[in-house]
Every structure is written in C-alpha cells, then in structure tokens.
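**Student:** The structure under discussion is supplied below as structure tokens; questions concerning it will follow.
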Amino acid sequence: VTRTVEEGGDTHFIGMSVLYSLISIILLLQVGANAQAPASCFTSTGCTWGDISSHTSEDLSGATVTFGTETNVAITAPPNLLLGTVIVNGDGNTLIVNATLNVTNDITVAATSALIVNTGAVVHVGGNGDADGNVTVFGSIIGSGNYNQNGATLNLRPGGSSLIFPNTTIGLDATLTGIGTIGTALYVKGIFRIGNGIIRIAGSYNPAPTSTLYFKAFNDTAFTQLIVRSAKLDGAAVCSFVGAYHPVIPTIYPLVTGRGVTGGFSSVIGVGDDVGLWPEISAGDGL
C-alpha cells in the first residue's frame with residue numbers, strides 16, 4: 001500500500017508508516033484478546049513489552065520473553081504477571097522490576113545486561129536464576145531452583161533486600177556485595193565483599209580456596225559482619241580499617257558468627273593500618 005509521488009525531480013513514498021501502524025494495532029489486539037500468547041510472540045523480534053504493559057494481569061506461562069532490544073524496560077504494571085522463561089540480553093539492556101513478577105521457569109541475565117529489583121518488588125522464579133550481568137536487589141528474588149552469579153556483581157542493597165534460593169553460587173569471576181539476606185546455602189568461589197552492615201545467610205556458608213572475604217572496621221565496636229547458621233571457612237580474608245581508625249591491641253572483631261563454624265582462612269590481611277590479624281574461632285549464636 002505504497003504510492004509514489006514525484007515533485008520537482010524528487011521521489012516520495014507515502015503509505016509505509018500507515019502500514020506499520022496497522023500491524024502494530026493488529027498485534028496489540030491479538031495480545032489483548034489472547035492472554036495465553038504463543039512463545040514466539042514475546043521475543044526481541046516479535047511483540048514488545050509495551051504491548052502488554054497496560055493490562056492488570058497476564059498469564060503468559062507458556063511464553064519465553066526476551067528483552068533484547070529495549071533499554072531500561074520497567075515492569076510497573078501489571079502487578080501480577082506470569083511469564084514462562086525470562087531472558088535479559090542486549091548491549092546495555094536493563095530490566096527494572098517495580099512490582100510482582102512471577103516466572104514459571106528460569107530467568108537469565110546476559111553479560112552485557114542487568115536486572116534491578118526495586119524496593120517492595122518481588123520476583124518469584126519457579127526454576128533457576130543464572131546471571132552473567134549485574135543484578136541489583138532492593139526487594140526480593142525468591143526461587144525454587146539454584147542461583148548462579150557467573151560474572152559481574154550481585155548487589156544486595158540496604159533496606160531489607162533478600163535473595164532466597166536453595167543454593168546460591170558466586171562464581172570465580174563474580175562478586176557478591178552489600179547487606180541483606182541470602183538463603184539457604186551460599187557457595188563462593190570469587191569475591192564476597194560485605195557492605196556497611198550485616199549479611200545474613202539462613203543456611204550454610206561454603207567458601208572455596210579461591211574466595212576472598214572482605215570486611216571493614218570503622219572503630220572498636222562498629223564493623224561489618226557475616227551471620228550464618230553454619231560455615232566451613234576457607235580462602236582469604238581482608239579487613240580494611242576505615243578513615244583515621246587505628247585499632248588498639250588487642251581488639252577482637254566478631255566478623256563471622258554462627259552456631260557451627262569450622263575450618264579457617266588461608267590468610268588474613270589488614271588494610272589501612274600496620275597491624276597483624278589473627279583468626280580466632282569461638283562459639284556464637286548465629287541464626
């Protein structure tokens with residue numbers, strides 16, 4: 001449906017935008033009428049998130065939804081969205097969750113992409129979580145399978161954030177940072193950097209020999225902490241003395257507290273002051 005018009009030697013094409021608008025309207029009507037959309041519809045080359053953002057709820061448990069070309073897509077409505085499998089990829093693409101998102105199967109975040117779960121938002125994952133890109137959690141991610149942070153950073157932000165999976169693994173090239181709650185078992189091969197507060201692990205803490213655990217001490221009574229149900233320590237530990245703080249000798253920091261803590265760090269390093277640090281394991285309450 002294209003008409004060519006020549007004016008003064010110039011050629012103009014009319015009608016293409018009308019055709020594309022009609023296609024968009026047809027797709028919008030199709031999705032609105034059929035909540036059980038086919039899996040092929042919601043991909044980076046098919047329907048876009050904008051097609052369903054105005055609905056109050058959707059059951060798309062049979063769909064694989066790929067956010068691949070959109071940038072900073074925000075899920076604010078619908079408040080109860082059910083998707084089959086979620087894939088976040090594309091250079092610089094970020095999926096922002098501000099409401100409740102239910103994923104029947106797996107959720108995957110590619111290396112050049114990111115996922116942000118804001119305060120009050122909850123992502124329920126029926127399968128596994130797998131991330132090579134940055135994942136920032138102000139709210140909660142709750143899963144039935146395993147969570148693997150293979151690269152980049154998993155950041156638990158202040159204010160009650162939580163990542164609850166039966167098993168969470170921080171890969172050799174990945175970093176876990178911040179404060180909040182991890183459940184149930186945590187396995188760390190890479191970097192574990194506690195923020196300005198406490199990280200709680202509702203199960204066991206299992207660091208590998210390749211891991212490094214970072215603490216901070218602000219004064220004799222203010223320091224970051226890891227509270228666990230149980231732990232078998234391994235890998236290196238680094239404690240940074242912040243600002244002008246110079247600890248007196250001896251000073252004891254209960255950095256790791258748990259009902260059952262065994263093992264030990266291969267090395268303990270103090271940064272910011274010329275003092276030696278020695279690990280000491282004693283009984284604690286933990287979780």
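**Student:** If each of Ile249 and Asn196 carries a label point 7 Å out from its Cα toward its Cβ, how far apart are those two points in nm?
**Tutor:** Going from the Ile249 label point to the Asn196 one covers 3.0 nm.
**Student:** Pop the C-beta distance of Ala111 and Thr184 into the FRET formula with R0 = 22 Å and round what comes out to the nearest 0.05.
**Tutor:** 0.25
**Student:** Would you mind computing, in nm to one decimal, how far apart the modelled labels at Lys232 and Asp173 are, each placed 7 Å from Cα along Cα→Cβ?
**Tutor:** In this crude label model, Lys232 to Asp173 measures out at 2.8 nm.
**Student:** Please work out the Cα convex hull volume for segment 78-172 and give it in Å³ per residue.
**Tutor:** Once divided by residue count, the hull of segment 78-172 is 79 Å³.
**Student:** What distance in nm lies between label points placed 7 Å from Cα along the C-beta direction at Gln225 and Ser240?
**Tutor:** The modelled label-to-label distance comes out at 2.1 nm.
**Student:** First select every other residue whose beta carbon is under 14 angstrom from the beta carbon of Ile170; then total the charges, Lys and Arg +1, Asp and Glu -1.
**Tutor:** -2
Coordinate-derived values only; no laboratory data. Keep in mind the model is a prediction, meaning the values are calculated, not measured. All Cβ positions, even for glycine, are placed from backbone atoms using ideal geometry, and neighbour counts span all protein chains on display.
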